[in-house]
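Below: one structure, written as structure tokens.
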Amino acid sequence: MGATTVLSEFASRTRFSDISAEAIAATKRHILDCTGVGLAATVEPAGRIILDMTRDQGGTPQARVFGFDRRTSAVSAAWANGSLAHLLDFDDTGFSHPTACILPAALALAEEAGASGADLVAAVCVGLEVFERMSAAGRSHEPELRRRGFHPTSLYGCSAAAAAAGSIVKLAPGQMAVAIGLAAANAGGLTQHFGTWGKGIHAGNSARAGVTAVLLAARDFFADPHGLDGDYGFYSAFHGEGHFDLRQVGEKLGTHWSIVDPGLTVKRYPCCGGNLRALDAALGLIEENGIQFDDVAKLEVDVHPDLLNTVRFHKPTQGFRGKFSLDYVLAAMLLDARVDLDSFSDAYCNAPRMRASLDKVQINTHPEWGDDHASRRKSPVTITLKDGRKLTKLVDKVRGSPGNPMTRDELVAKYHGCASRVLKGERLERSLSALENLEKLGTVGELMDTLTA
């Protein structure tokens, strides 16, 4: 069977009872995380524009948006929630940013379909599996795609979103194949938008593409059923002959769950995942040695040049660009021993104390390091103190990663910090309870009732 057929049959047949308890628990953690960061984005200037756009577009009231006081069409809700979930770059990362594409697509169809909380968890888990299998099949070529400007989130996110949304409405395998292939025709996303509000829209566009494809397929829309693996399909177009291995798609599919292994990272900091190792290393040095800003003469970080294709802005003067600036986030950590949602305002960015901290940060590139994934991502940090001491730390598994997971208390603290920008008091706690007990909810509407201020 071709890759499209393999994935469509898996997505059509898989139900909550088919998924391992470990995969269910992991999927719920990422639903909780994605919902929180989506809520946090609604109060940002860009988030308000997204909500205003959604309000202006109107549409048949079918689905709700995070923190929004009215219903809109399923297609608009998918776009809005996806854009909000990815806007702050605080959503999960690993095989790119799947949950921000997948959860909004599933939510968009869940209320009208009368889906249960268990149905939603299963649909998101299915979408995550499709995303990772598609990504794994072309992973050897992914660095080249990134160098050329493609953003993997919105390459694989469209079909993964279709798989999740199709699971909600229980598409037949043939319909699912059409939906996955139609959604793939919308794949894109340019890394040129990194460091701007435009990057968040990549996930919104993926969620919208997935829902649109499912709504068409459910009406038996005629389209090619080999949209991924056909001679002129997704892999041929984006990766090219010899740059993908579709055997990766079906290997142990349905028995080995990608959300467990390799898993995803819940972000500790609201910025590009390429910054996380260096930030954990810097924070570790600061906390372990009681370092104060005035003690520091210099902070150095050593990286492979490829990392700077992503975290490429140097001493930015716009706070939002700091999310994709390695020296910026390290300067913020050096200054305040934290990097959080308040670290990326223009006022913070251009404050004299922040500019002084930026002057202490130096990035050293190492083209001689190997071209393997581990070498491209490592980023040891060295702090030189004014008394002459040099302290170095290298972090392999960042906090929040599968090899170094957050505790429940840390996950809840992150959710509270994000969601409390919109939800207060009892409503905040009810939303948390609904998310942590999602598989027990009779309808997804019960969850959405708790997510509106």
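Considering only residues of segment 241-255 that are small (Gly, Ala, Ser) and surrounded by 13 or more Cβ atoms within 10 Å (Cβ to Cβ), which is nearest to Tyr156 (Cα to Cα)? Break it down stepwise before answering.
Within segment 241-255, the first condition is being small (Gly, Ala, Ser), and the residues that meet it are 242, 250, 254.
Then keep just the ones that are surrounded by 13 or more Cβ atoms within 10 Å (Cβ to Cβ); that gives 250, 254.
Details: Gly250: 16, Gly254: 19 Å.
Checked segment 241-255; the qualifying residue nearest to Tyr156 (Cα to Cα) is Gly250.
Looking only at segment 45-54, count how many residues are under 18 Å from the mean Cα position of the chain (by Cα) and surrounded by fewer than 22 Cβ atoms within 10 Å (Cβ to Cβ).
Residues flagged as under 18 Å from the mean Cα position of the chain (by Cα) and surrounded by fewer than 22 Cβ atoms within 10 Å (Cβ to Cβ) within segment 45-54 amount to 1.
Only one of Pro316, Pro305 is at pLDDT below 95 and not aliphatic (A, V, I, L, M); which?
Working: Pro316 fails: at pLDDT below 95.
The unique qualifying residue is Pro305.
Among the numbered criteria (1) crowded, with 21+ Cβ neighbours inside 10 Å; (2) closer than 30 Å to Asp89 by Cα, which single criterion is violated by Glu288?
It fails just one condition, (1).
Counting only residues that are aliphatic (A, V, I, L, M), give me the helices (runs of 4 or more DSSP H) lying completely in segment 321-370 with at least 3 of them. Step through it out loud before you land on a result.
Details: elements: 326-336, 346-350, 352-358.
Filter on segment 321-370 gives 326-336, 352-358.
Return the residues of segment 393-410 that are in contact (Cβ under 8 Å) with a residue 24 or more places away in the chain and not acidic (Asp, Glu); say none if nothing qualifies.
Lys393, Leu394, Val395, Val398, Arg399, Gly400, Ser401, Pro402, Pro405, Met406
Residues checked against (1) in the same structural domain as Val311 (by TED's automatic domain parsing); (2) of a type outside the set (S, T, N, Q):
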| site | (1), (2) |
| --- | --- |
| His366 | yes, yes |
| Trp369 | yes, yes |
| Thr384 | yes, no |
| Gly388 | yes, yes |
| Arg399 | no, yes |
| Pro402 | no, yes |
| Ala419 | no, yes |
| Val422 | no, yes |
| Gly445 | no, yes |
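How many of the residues in segment 140-154 are out of contact with any Asp or Glu (no Cβ under 9 Å at 6 or more places or on another chain) and assigned to a helix (DSSP H, G or I)?
From segment 140-154, those out of contact with any Asp or Glu (no Cβ under 9 Å at 6 or more places or on another chain) are 141-142, 144-145, 148-149, 151, 153-154; that's our starting set.
Narrowing the set further to residues that are assigned to a helix (DSSP H, G or I) leaves 141-142, 144-145, 148, 153-154.
Selection size over segment 140-154: 7.
What residue, among those in segment 131-150 that are buried (at least 24 other Cβ atoms within 10 Å of the Cβ) and within 15 Å of the chain's Cα centre (by Cα), is farthest from Gly198 (Cα to Cα)?
Glu132
Checking Lys424 against (1) touching an Asp or Glu at 6+ places or on another chain (Cβ under 7 Å); (2) among the basic types (Lys, Arg); (3) loosely packed, with under 14 Cβ neighbours inside 10 Å, only one condition comes out false. Which one?
(1)
So Pro270 passes all but one of these: (1) closer than 30 Å to Ala122 by Cβ; (2) assigned to a helix (DSSP H, G or I); (3) not small (Gly, Ala, Ser). Which condition number does it fail?
Checking Pro270 against (1) closer than 30 Å to Ala122 by Cβ; (2) assigned to a helix (DSSP H, G or I); (3) not small (Gly, Ala, Ser), the one that fails is (2).
The values are calculated or read from the model by the stated rules, or taken from the named source; none is laboratory data. Everything numeric here is computed off the predicted structure, so don't read it as measured data. Heads up, the Cβs are rebuilt from the backbone with ideal geometry, glycines too, and the neighbour counts pull from every protein chain shown.
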